[in-house]
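The values are calculated or read from the model by the stated rules, or taken from the named source; none is laboratory data. Quantities reported herein were computed from a predicted structural model and do not represent experimental measurements. Using ideal geometry, Cβ is built from the backbone for each residue, glycine included, and neighbour counts are taken over all protein chains shown. When the accessible area is computed, the model is the full protein with side chains, heavy atoms only, and any ligands, DNA or RNA have been set aside. Shrake-Rupley method; radii C 1.70, N 1.55, O 1.52, S 1.80 Å.
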Amino acid sequence: MENYEDILRMLSAILHTQLLAPSVNALAEKLGYGVSSRSSINRIKKGIAGSGAIDTLTSRIHQHLNIDINSLMRMEAAIQNAYHFEKLIKPQMNLEHKDWQFHAIYPFISHDFSWFSPEFRKGDMQRLLLLELTDPRAFFNMLAYFYVTSTGVKFYQKKNLTHKQRCAEIIEPLGERLISLFPSNGLAAGLVYSYSISDLFNAEAPILWSLVETIGSMLQAFASPLDSTDKENRSRLLPGLPDRAYWKGNDDEKILLLWSRHGKEPASGHYELFAIDKNSMIPVSIASLFFMSDEIMSVYIKRTSRSQFGVYKLEGNSMSFEWENPNDDPMQSGNKWELLTLESSQSLREIDRHLTDDALTREMAHGEGFDFDFAMQPADVIISRKQLSIVLKDGSKYSVDINFAPFLSKLTPAEPLMVCRQLSDGRIFAIWPEIRQSIPLDLFTSI
């Protein structure tokens, strides 16, 4: 923002929506304004307030909703972009169709624009796609806000529901429809149910904007899965730790193992956490850990399929964890670990020799509901302009059209691939673990 006129115009646009609250009075109450001072928000809405009122409002929004000036700028961009998108897209749609809003955003997720007129494809559509190229976050926030407003979502009216329940009621029907169209996109499917199964959103502001950004992230994951996983791959490996780091947690009968899985960029990646019984030396896959900064991390618990954010501290040979609920122990291993060294323990060296990478890979797959059979693994992957073919070690061959799923056209033969049997129903899947995509093998053609 360059000056108060810009900030005033931005706040006025936002206050004419329900992104922060259902009404100005509701927002004033949420931000702790007294009855006598609420008129200042109305003046900002009308675009006639002074710098003092603007500073007070932006400060209180940040304090009470954790929404900073950059977030407010993204809101204004979503409002303006959605307004222009609706004007451009409506002439292309059959507005009598009860589901026209979905059909308006779907081509920009599937990148199949054959529904649109040639004139639109050559003109206005190119300007929209330029936004996707230059600012994908703004582009998918635009689609999300357009969808929410044009379908008449009544976000704040269901007062008997929690924020997470309200969000889940809105995002899941849209997401499940996209899952049926893009069944291979495991990353996006996880976002569909993020409010129902994850604790990541417990601390977010209970406002419509929070949902809009989550829907935007989900739409982007369906439209550009490789771009979305590239962002996830920016989680870091901890400096100084070996690829296998053994720890003592709260159970003297078990040893914890953090097994590093390297990302595509230097020093990027995540860790797989195993609990190893000291006597049997059998590993049990517990969780996946992602370290995003020097303090913030997230953990995905295999047993419950739940994710949550936490704060970690690595000091010398100790690592500690703190969660939103101080009594939480999501990894069931205690919230303070001590690093163990191979040099100091013969029994630990014996465990390390016993645990092969293949055994850890098998258990990692088992923890996520799959059986990893080495005889079923790929011997070769061949990608042409039209098909992806997999040759398994037993000599069987399978192919799928490259247009079957959007991510296939961006793959290289070197992309890690596993073939695993799902424990729940025995169905066999081709799984690309680093980009979290999968396709059931029975949807391939046997060659």
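Assess whether residue 80 counts as being farther than 29 Å from residue 131 by Cα, polar (S, T, N, Q) and part of a helix (DSSP H, G or I). So that I can check it myself, show each step before the final result.
Values: farther than 29 Å from residue 131 by Cα: no; polar (S, T, N, Q): yes; part of a helix (DSSP H, G or I): yes.
For residue 80, the condition - farther than 29 Å from residue 131 by Cα, polar (S, T, N, Q) and part of a helix (DSSP H, G or I) - is not met.
From the list 117, 110, which one is among the small types (Gly, Ala, Ser), at pLDDT below 90 and farther than 26 Å from residue 205 by Cβ? Can you show your working first?
On the way: 117 fails: at pLDDT below 90.
Of the residues listed, the single one that is among the small types (Gly, Ala, Ser), at pLDDT below 90 and farther than 26 Å from residue 205 by Cβ is 110.
Quick check on the stretch 165-186: of everything there that is closer than 26 Å to residue 403 by Cα, at pLDDT 85 or above and out of contact with any Ser or Thr (no Cβ under 8 Å at 6 or more places or on another chain), which residue is surrounded by the fewest Cβ atoms within 10 Å (Cβ to Cβ)?
Of the residues in the stretch 165-186, the ones closer than 26 Å to residue 403 by Cα are 172-186.
Okay, now just the ones that are also at pLDDT 85 or above, so 172-181.
Restricting the remaining residues to those that are out of contact with any Ser or Thr (no Cβ under 8 Å at 6 or more places or on another chain) gives 173-180.
On the way: 173: 10, 174: 20, 175: 23, 176: 12, 177: 14, 178: 24, 179: 18, 180: 8.
Checked the stretch 165-186; the qualifying residue surrounded by the fewest Cβ atoms within 10 Å (Cβ to Cβ) is 180.
In the stretch 406-439, what count of residues is obtained for those that are open to solvent by less than 50 Å² (accessible area, probe 1.4 Å), touching a residue at least 60 places away in the same chain (Cβ under 8 Å) and either outside any loop (DSSP other than H, G, I, E, B) or in contact with a His (Cβ under 7 Å, 6 or more places away or on another chain) (or both)?
6
Would you pick out the residues in the stretch 281-296 that are of a type outside the set (Ser, Thr, Tyr) and either without any contact (Cβ under 8 Å) to a residue 40 or more places away in the chain or touching a Cys at 6+ places or on another chain (Cβ under 8 Å) (or both)?
Narrowing the stretch 281-296 to residues of a type outside the set (Ser, Thr, Tyr): 281-284, 286-287, 289-292, 294-296.
Answer for the stretch 281-296, where residues must be of a type outside the set (Ser, Thr, Tyr) and either without any contact (Cβ under 8 Å) to a residue 40 or more places away in the chain or touching a Cys at 6+ places or on another chain (Cβ under 8 Å) (or both): 282, 289, 294, 295, 296.
Can you pull out the strands (runs of 3 or more DSSP E) entirely within the stretch 296-365 that have at least 3 residues that are modelled with pLDDT under 95? Spell out how you get there, then give the answer.
Details: elements: 296-301, 306-315, 318-322, 336-340.
Those strands (runs of 3 or more DSSP E) span 296-301, 306-315.
Checking the condition at pLDDT 85 or above and within 23 Å of residue 180 (Cα to Cα), which residue from 430, 379, 414 passes? It would help to see each step written out before you state the result.
Details: 379 fails: within 23 Å of residue 180 (Cα to Cα); 414 fails: within 23 Å of residue 180 (Cα to Cα).
From the options 430, 379, 414, the qualifying one is 430.
Quick check on residue 310: is it open to solvent by less than 70 Å² (accessible area, probe 1.4 Å) and under 30 Å from residue 432 (Cβ atoms)?
Numbers: open to solvent by less than 70 Å² (accessible area, probe 1.4 Å): yes; under 30 Å from residue 432 (Cβ atoms): yes.
Criteria met by residue 310.
Kindly provide the set of residues from the stretch 43-69 that are farther than 13 Å from residue 7 by Cα and either in a loop (DSSP other than H, G, I, E, B) or open to solvent by less than 60 Å² (accessible area, probe 1.4 Å) (or both), ordered by number.
Those that are farther than 13 Å from residue 7 by Cα and either in a loop (DSSP other than H, G, I, E, B) or open to solvent by less than 60 Å² (accessible area, probe 1.4 Å) (or both): 61, 65, 66, 67.
Filter the stretch 9-38 for residues that are over 16 Å from residue 73 (Cα atoms), in a helix (DSSP H, G or I) and either charged (D, E, K, R) or at pLDDT below 90 (or both) and give the result. So that I can check it myself, show each step before the final result.
Filtering the stretch 9-38 down to residues over 16 Å from residue 73 (Cα atoms) leaves 21-38.
Right, trim to in a helix (DSSP H, G or I) and you get 24-30, 35-37.
29, 30, 35, 36, 37, listed by residue number.
Looking at (1) in contact with a Lys or Arg (Cβ under 9 Å, 6 or more places away or on another chain); (2) within 25 Å of residue 439 (Cα to Cα), which is the one condition that is false for residue 302?
(1)
What's the total number of residues in the stretch 112-149 that are among the hydroxyl-bearing types (Ser, Thr, Tyr) and part of a helix (DSSP H, G or I)? Give the steps one after another, and end with the answer.
Of all residues in the stretch 112-149, those among the hydroxyl-bearing types (Ser, Thr, Tyr) come to 114, 117, 134, 145, 147, 149.
Adding the requirement that they be part of a helix (DSSP H, G or I) leaves 134, 145, 147, 149.
Number of matching residues: 4.
Hey, residue 129 hits all of (1) within 26 Å of residue 70 (Cα to Cα); (2) at pLDDT 90 or above; (3) more than 18 Å from the chain's Cα centre (by Cα) but one; which does it fall short on?
So the condition that residue 129 fails would be (2).
Tally the residues that are over 25 Å from the mean Cα position of the chain (by Cα), over 14 Å from residue 142 (Cα atoms) and open to solvent by 70 Å² or more (accessible area, probe 1.4 Å), restricting the search to the stretch 70-100.
Of the residues in the stretch 70-100, 7 are over 25 Å from the mean Cα position of the chain (by Cα), over 14 Å from residue 142 (Cα atoms) and open to solvent by 70 Å² or more (accessible area, probe 1.4 Å).
What do you reckon, is residue 342 among the hydrophobic types (A, V, I, L, M, F, W, C), in contact with a helix residue (DSSP H, G or I) (Cβ under 6 Å, 6 or more places away or on another chain), surrounded by fewer than 16 Cβ atoms within 10 Å (Cβ to Cβ) and within 19 Å of residue 275 (Cβ to Cβ)?
So residue 342 fits the description; yes.
Among the residues of the stretch 263-280, is there at least one that is under 25 Å from residue 435 (Cβ atoms), open to solvent by 20 Å² or more (accessible area, probe 1.4 Å), among the polar types (S, T, N, Q) and without any contact (Cβ under 8 Å) to a residue 60 or more places away in the chain?
Narrowing the stretch 263-280 to residues under 25 Å from residue 435 (Cβ atoms): 263-274.
Remaining after also requiring open to solvent by 20 Å² or more (accessible area, probe 1.4 Å): 263-267, 270.
Now drop any that are not among the polar types (S, T, N, Q), which leaves none.
Within the stretch 263-280, not a single residue is under 25 Å from residue 435 (Cβ atoms), open to solvent by 20 Å² or more (accessible area, probe 1.4 Å), among the polar types (S, T, N, Q) and without any contact (Cβ under 8 Å) to a residue 60 or more places away in the chain.
Within the stretch 323-344, track down each residue that is of a type in the set (Asp, Glu) and over 20 Å from residue 241 (Cβ atoms). So that I can check it myself, show each step before the final result.
Residues of the stretch 323-344 of a type in the set (Asp, Glu): 324, 328-329, 338, 343.
Answer for the stretch 323-344, where residues must be of a type in the set (Asp, Glu) and over 20 Å from residue 241 (Cβ atoms): 324, 328, 329.
Hey, could you check the stretch 346-405 for residues that are within 29 Å of the chain's Cα centre (by Cα) and of a type in the set (Val, Ile, Thr) and say which is most open to solvent (accessible area, probe 1.4 Å)?
383
Tell me the residue from 144, 138, 189 that is buried (at least 20 other Cβ atoms within 10 Å of the Cβ) and at pLDDT 90 or above, please. Reasoning before the result, please.
Working: 138 fails: buried (at least 20 other Cβ atoms within 10 Å of the Cβ); 189 fails: at pLDDT 90 or above.
Matching residue, one of 144, 138, 189: 144.
Scan 257, 238 and give me the residue that is modelled with pLDDT of 90 or more, out of contact with any Cys (no Cβ under 7 Å at 6 or more places or on another chain) and surrounded by fewer than 19 Cβ atoms within 10 Å (Cβ to Cβ). Step through it out loud before you land on a result.
Numbers: 257 fails: surrounded by fewer than 19 Cβ atoms within 10 Å (Cβ to Cβ).
None of the others qualify; the one that does is 238.
Could you please give the count of residues in the stretch 348-407 that are in contact with an Asp or Glu (Cβ under 7 Å, 6 or more places away or on another chain) and among the β-branched types (Val, Ile, Thr)?
Qualifying residue count for the region: 1.
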